[in-house]
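Notes follow once the structure below has been shown.
Any read-out appearing in this document is the output of simple, stated calculations on the displayed coordinates, not a laboratory observation. Everything numeric here is computed off the predicted structure, so don't read it as measured data.
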Amino acid sequence: MANIAPTNGIARFRVSDVVPVPLRGRMLRLRLLEGDPASATLRPGRPIRLRGPDGAERVVRILGIGTPSGRARPDRLARIREIDVVIAEADAVAGGEPVRIGWTAEPAA
């Protein structure tokens, strides 16, 4: 596994799965590609920037953290290198282009 350089909380993720969550929206499984994410940047209410392979881009708010495989803690993120976030359905399909596997995500300012 390649070394990941610390980037002061800035990190880039790849969307590795998208799952509908009834009455909430869609859960995005984000796999860490590079950087060192600060856990405070991946909390409910925080914005993330999603980019599609074709350049489509949108900023959405995290509604919640999905925990189907355990509690989302900073040490778990560092060990497992992925986190599940829930976003609104409207955000997931905004602009006619739904978020799919292969999109990238990063904390937005």
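How much length is gained if the chain between Arg81 and Thr104 is pulled fully straight, taking 0.36 nm per residue apart and subtracting their Cα-Cα distance, in nm to one decimal? Extending this stretch completely gives an extra 6.8 nm. Karplus-derived 3J(HN,Hα) values for region 52-66, using 6.51 cos²θ - 1.76 cosθ + 1.60 with θ = phi - 60°, are x, x, 8, x, 4, 9, 7, 10, 10, 9, 6, 7, x, 9, x Hz; glycine and proline are entered as x. Backbone amide hydrogens, once placed in the peptide plane, bring Asp84 within less than 5 Å of Leu30, Gly66, excluding anything fewer than 5 places away on its chain.
The length gained on full extension between Val93 and Arg61, counted as 0.36 nm times the residue separation minus their Cα-Cα distance, comes to 10.2 nm. With the convex hull of its Cα atoms as the shape, region 11-95 has an orientation-averaged projected area of 5.4 nm².
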